[in-house]
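Here's the structure, in structure tokens; my notes come after.
The values are calculated or read from the model by the stated rules, or taken from the named source; none is laboratory data. As the structure is a computational prediction, the values presented were derived from the model and not from experiment. Backbone-built Cβ (ideal geometry, glycine too); neighbour counts: all protein chains shown. Protein only, heavy atoms only, side chains kept; ligands, DNA and RNA dropped before computing areas. Shrake-Rupley method; radii C 1.70, N 1.55, O 1.52, S 1.80 Å.
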Amino acid sequence: MNQHQKPADIIPSHPLDPITTGEFTALKAILEEAGHGGEDVRYSYVMLREPPRDVIAAFKPGAKVPREISVLVTHLARNEPYAIVVDMAEGRIAEERKLTAGKDGEAPIFDQDYVSAEEICKADEGYVAAMKKRGFDTMDDIRCAPLSAGVFGHEDEVGLRMIRVLSFWAKEPDGQHGLFSHPIDGVVAHVDLTNRRVLRLVDTGYTHIPQDSGDYLDPEITGPMRTSMKPLQILQPEGPSFDVQDTCIKWENWSIRTGFNGREGLTLHDITFNDKGTERRILNRASVCEMVVPYGEPSPTHDWQNYFDAGEYQFGRLANSLVLGCDCLGEIRYLDAVVADDFLNPFTIENAVCIHEEDYGTLWKHTDVFTLKSDVRRQRRLVVSFFVTVGNYDYGFYWYFYLDGKIELECKATGVVFMSGRPEGEYEFATELAPRLGGPIHQHMFSARLDVAIDGFRNAVDEIEVKRLPMGPDNPVGNAFTRTITRLGSEKEAQRVAANDKGRIWRVSSTEKTNRLGDPTAFVLVPEGLPLLLADDESSIAKRATFATKSLWVTQYDRDELWAAGYMPNQHPGGAGLPEYTAGDRKVDGEDIVVWHTFGLTHFPRTEDWPVMPVDYAGFTFRPENFFDRNPTLDVPPDPNKACCHKDG
Ligand code: CU
């Protein structure tokens, strides 16, 4: 240990605490000392490497905190990526693995790539000529979008950091609100970032540029602001019912530890429910570990569009600073997030995570028809959320915890639809949003990684679905129906697709604990059951985002298996992540397991999505089934504000 501050002085107080500003700085010094520093080096995926289960379990407050940080280090000129783990307490590199650019993928998009896209294209004769053909004598009003390149069989791209660039006309004079409504279609530049050149320019000859303004703040488009909306305020005069201590939230029997990292954003840990004095564990960790946006338009300018927003764009770093009264209404507590840029310089995203509670209508209600007594209780939920902006789109991730033990994830998609030039006449692959302005069809596929721990670490998953029964001696009038329960014994057996017509759900149960009736305590994953990845099975994206071809995956727990599409999905040829993790077909019955759920939106844009899109939703619920011995909300009192909640007849 040399001049730099000793990491031991700045380690936080719990093994799962997010990486601190001081730790980022110390990490950089350690890496520099080991030869992984200088102008040529970039750092990505800076993550706490969470300690093994037994180490966390044995940890006592005040004791020395075990601390490892993993980071992808890229030496740009040689384009050499290294996966490195640093032992922060020891102040040294614990593991270093040189990766092969190309075969193992490429480092994610760097901040500088946004600038490079523009510089490289505008310095390229062919690009300038293509723009001139479309009426641009100067490059001043052209904006270049650095889009992750994917893998499409171009041998000359292997081992190079690539992006593909689509261009837009900044037509509106002040501000960029309308930028995406003026796609300069027909041209895509395949840009080699390693050698800073346009490797290939595709020009289809399409030259039309949509003209309608998409400036959603322009009074000429919005019209006068309506004046009919009266103030709507949420008041909690005695404060909220939750309590936040450092990164831990306690609310109505729930206990949740929060974390945050630059790749996946918010992570939730050690989620327990206090059941009459007993802390019962439900999840060790929960996050949205990947999201991919594959496009369905087959033209040469758009058929390669697939963006992995976590693995390629590190959406955690792109989290918004939330604003009270705008993003969040009511009695709010915020958590800041500290992440690092490509140079490992830490920066703070203030108010990155929003915590509040919401009224959610009726919890339960009954009017006794004999006594005419009426009882009703109100439902509430705790909301832990964050919002990110990735290029044109904005995504909100809202975790809900309900009084009755239910957990829900709601992903919100909003922002500006990616737009294209649209051929005249019938064209099935892009909606016409404005004259000749296309909204290409696409999907948003999310992967939620649920490190389950229903009453402990030994869990199993059953697939449950309804079953019709034929009329017969045991079913004389044909009214009978039942359900089938199938244990998913191994990782390959547990790759399943939702089927809403069968009411298919997945039950995660303890193999050790039972309720008072002898049934295993369990939670059920209820999928929305919307379409999975629609691209052909042989397509590049099906190989690179194989996670999105199944609704359910179950793996044996491994602390380094965190990424549904693999560690380095940018330009990865495919097969990484879940297909690789499950290749050994490990047993998942009565083991320490992780449940992965794919869900998402299939988006056929509509005119109402332009020029800015009202929020659309995708998610799932995870709710108790035979976990509690009875309705766990019988102790919820009538609303103290209202006399009507218990009414004698
Ligand atoms: Cu969309």
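Return the total of residues in region 32-55 being of a type in the set (A, V, I, L, M) and over 19 Å from ASN261 (Cα atoms).
Here is the first cut: in region 32-55, the ones of a type in the set (A, V, I, L, M) are 34, 41, 46-48, 55.
Now drop any that are not over 19 Å from ASN261 (Cα atoms), which leaves 34, 41, 55.
Number satisfying all stated conditions: 3.
Could you please find all residues in region 309-325 being modelled with pLDDT of 95 or more and out of contact with any helix residue (DSSP H, G or I) (no Cβ under 8 Å at 6 or more places or on another chain)? It would help to see each step written out before you state the result.
Our first condition is that a residue be modelled with pLDDT of 95 or more; within region 309-325, this holds for 309-321.
Result: GLY311, GLU312, TYR313, GLN314, PHE315, GLY316, ARG317, LEU318, ALA319, ASN320, SER321.
With respect to ARG67, is the statement that it is over 24 Å from ASP104 (Cα atoms) and in contact with a helix residue (DSSP H, G or I) (Cβ under 7 Å, 6 or more places away or on another chain) true? Quick ask: steps written out before the conclusion?
On the way: over 24 Å from ASP104 (Cα atoms): yes; in contact with a helix residue (DSSP H, G or I) (Cβ under 7 Å, 6 or more places away or on another chain): no.
Answer is no for this residue.
Hey, can you tell me all the residues within region 48-57 that are touching a Leu at 6+ places or on another chain (Cβ under 7 Å) and open to solvent by 50 Å² or more (accessible area, probe 1.4 Å)?
none
Table: residues versus (1) over 25 Å from LEU318 (Cα atoms); (2) open to solvent by less than 80 Å² (accessible area, probe 1.4 Å).
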site: PHE59; (1), (2): yes, yes
site: ILE69; (1), (2): no, yes
site: VAL73; (1), (2): no, yes
site: PRO81; (1), (2): no, yes
site: VAL85; (1), (2): no, yes
site: ASP104; (1), (2): no, yes
site: TYR114; (1), (2): no, no
site: GLU119; (1), (2): no, no
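How many residues, within region 37-61, are in a loop (DSSP other than H, G, I, E, B) and under 11 Å from PHE343 (Cα atoms)?
From region 37-61, those in a loop (DSSP other than H, G, I, E, B) are 37-40, 50-52, 59-61; that's our starting set.
Subset that is under 11 Å from PHE343 (Cα atoms): 37-40.
Number of matching residues: 4.
Counting only residues that are within 29 Å of ASP616 (Cα to Cα), give me the strands (runs of 3 or more DSSP E) lying completely in region 476-533 with at least 2 of them. Full working, then the answer.
Numbers: elements: 481-487, 505-514, 520-527.
Where strands (runs of 3 or more DSSP E) fall fully within region 476-533 and carry at least 2 residues being within 29 Å of ASP616 (Cα to Cα), they are 505-514, 520-527.
Of (1) open to solvent by 60 Å² or more (accessible area, probe 1.4 Å); (2) within 18 Å of THR204 (Cα to Cα), PHE136 satisfies all except one. Which?
Result: PHE136 passes all but (1).
Based on this model, can you work out whether GLN379 counts as modelled with pLDDT of 95 or more, touching a Leu at 6+ places or on another chain (Cβ under 8 Å) and polar (S, T, N, Q)? Steps first, please.
Working: modelled with pLDDT of 95 or more: yes; touching a Leu at 6+ places or on another chain (Cβ under 8 Å): yes; polar (S, T, N, Q): yes.
When the stated conditions are applied, GLN379 passes them.
Of all residues in region 564-597, count the ones that are farther than 24 Å from GLY153 by Cα and either open to solvent by less than 10 Å² (accessible area, probe 1.4 Å) or within 16 Å of the ligand (Cβ to nearest atom) (or both).
Taking region 564-597 first, the residues farther than 24 Å from GLY153 by Cα are 581-597.
Imposing the further condition that a residue be either open to solvent by less than 10 Å² (accessible area, probe 1.4 Å) or within 16 Å of the ligand (Cβ to nearest atom) (or both) reduces the set to 582, 588, 593-597.
Adding up the residues that qualify gives 7.
Taking the stated definitions as given, is ALA548 assigned to a loop (DSSP other than H, G, I, E, B) and either within 16 Å of the ligand (Cβ to nearest atom) or surrounded by 20 or more Cβ atoms within 10 Å (Cβ to Cβ) (or both)?
So ALA548 fails the test.
Kindly provide the set of residues from region 154-193 that are open to solvent by 40 Å² or more (accessible area, probe 1.4 Å) and touching a residue at least 24 places away in the same chain (Cβ under 8 Å), ordered by number.
Restricting attention to region 154-193, the residues satisfying the condition of being open to solvent by 40 Å² or more (accessible area, probe 1.4 Å) are 154-156, 158, 169, 171, 173-177, 180.
If the condition is that a residue be open to solvent by 40 Å² or more (accessible area, probe 1.4 Å) and touching a residue at least 24 places away in the same chain (Cβ under 8 Å), then HIS154, ASP156, VAL158, TRP169, LYS171, GLY175, GLN176, HIS177, PHE180 are the ones that fit.
Among (1) within 25 Å of HIS269 (Cα to Cα); (2) more than 16 Å from the ligand (Cβ to nearest atom); (3) open to solvent by less than 10 Å² (accessible area, probe 1.4 Å), which single condition is GLY600 missing?
Of (1) within 25 Å of HIS269 (Cα to Cα); (2) more than 16 Å from the ligand (Cβ to nearest atom); (3) open to solvent by less than 10 Å² (accessible area, probe 1.4 Å), only one is false for GLY600: (2).
If you go through region 407-424 one residue at a time, do you hit one that is surrounded by fewer than 22 Cβ atoms within 10 Å (Cβ to Cβ) and among the aromatic types (Phe, Trp, Tyr)?
No: region 407-424 contains no residue that is surrounded by fewer than 22 Cβ atoms within 10 Å (Cβ to Cβ) and among the aromatic types (Phe, Trp, Tyr).
Within region 117-140, which residues are in contact with a Leu (Cβ under 9 Å, 6 or more places away or on another chain) and of a type in the set (Phe, Trp, Tyr)?
TYR127
Could you grab me the full set of residues in region 415-457 that are more than 16 Å from the ligand (Cβ to nearest atom) and on the phi > 0 side of the Ramachandran plot?
The answer is GLY425, ARG436, ASP455, GLY456.
Restricting to region 610-626, name every residue that is assigned to a strand (DSSP E or B), within 16 Å of the ligand (Cβ to nearest atom) and either open to solvent by 30 Å² or more (accessible area, probe 1.4 Å) or among the aromatic types (Phe, Trp, Tyr) (or both). If you could, list the steps in order and put the result at the bottom.
Residues of region 610-626 that are assigned to a strand (DSSP E or B), as a first pass: 613-625.
Next, from what is left, pick out any that are within 16 Å of the ligand (Cβ to nearest atom): 613-619.
Result: PRO614, VAL615, ASP616, TYR617.
If I go through region 458-492 residue by residue, how many of them are out of contact with any strand residue (DSSP E or B) (no Cβ under 8 Å at 6 or more places or on another chain) and touching a residue at least 40 places away in the same chain (Cβ under 8 Å)?
Here is the first cut: in region 458-492, the ones out of contact with any strand residue (DSSP E or B) (no Cβ under 8 Å at 6 or more places or on another chain) are 470-480, 492.
Restricting the remaining residues to those that are touching a residue at least 40 places away in the same chain (Cβ under 8 Å) gives 492.
Residues that pass the stated criteria total 1.
Pick out, from region 215-306, the strands (runs of 3 or more DSSP E) lying fully within it that include 1 or more residues that are under 30 Å from LEU16 (Cα atoms) and in contact with a Phe, Trp or Tyr (Cβ under 7 Å, 6 or more places away or on another chain).
Working: elements: 243-245, 248-251, 254-261, 265-275, 278-294.
Those strands (runs of 3 or more DSSP E) span 248-251, 254-261, 265-275, 278-294.
Which condition from (1) surrounded by 15 or more Cβ atoms within 10 Å (Cβ to Cβ); (2) assigned to a strand (DSSP E or B) is the one that GLU95 breaks?
Among (1) surrounded by 15 or more Cβ atoms within 10 Å (Cβ to Cβ); (2) assigned to a strand (DSSP E or B), the lone unmet condition for GLU95 is (1).
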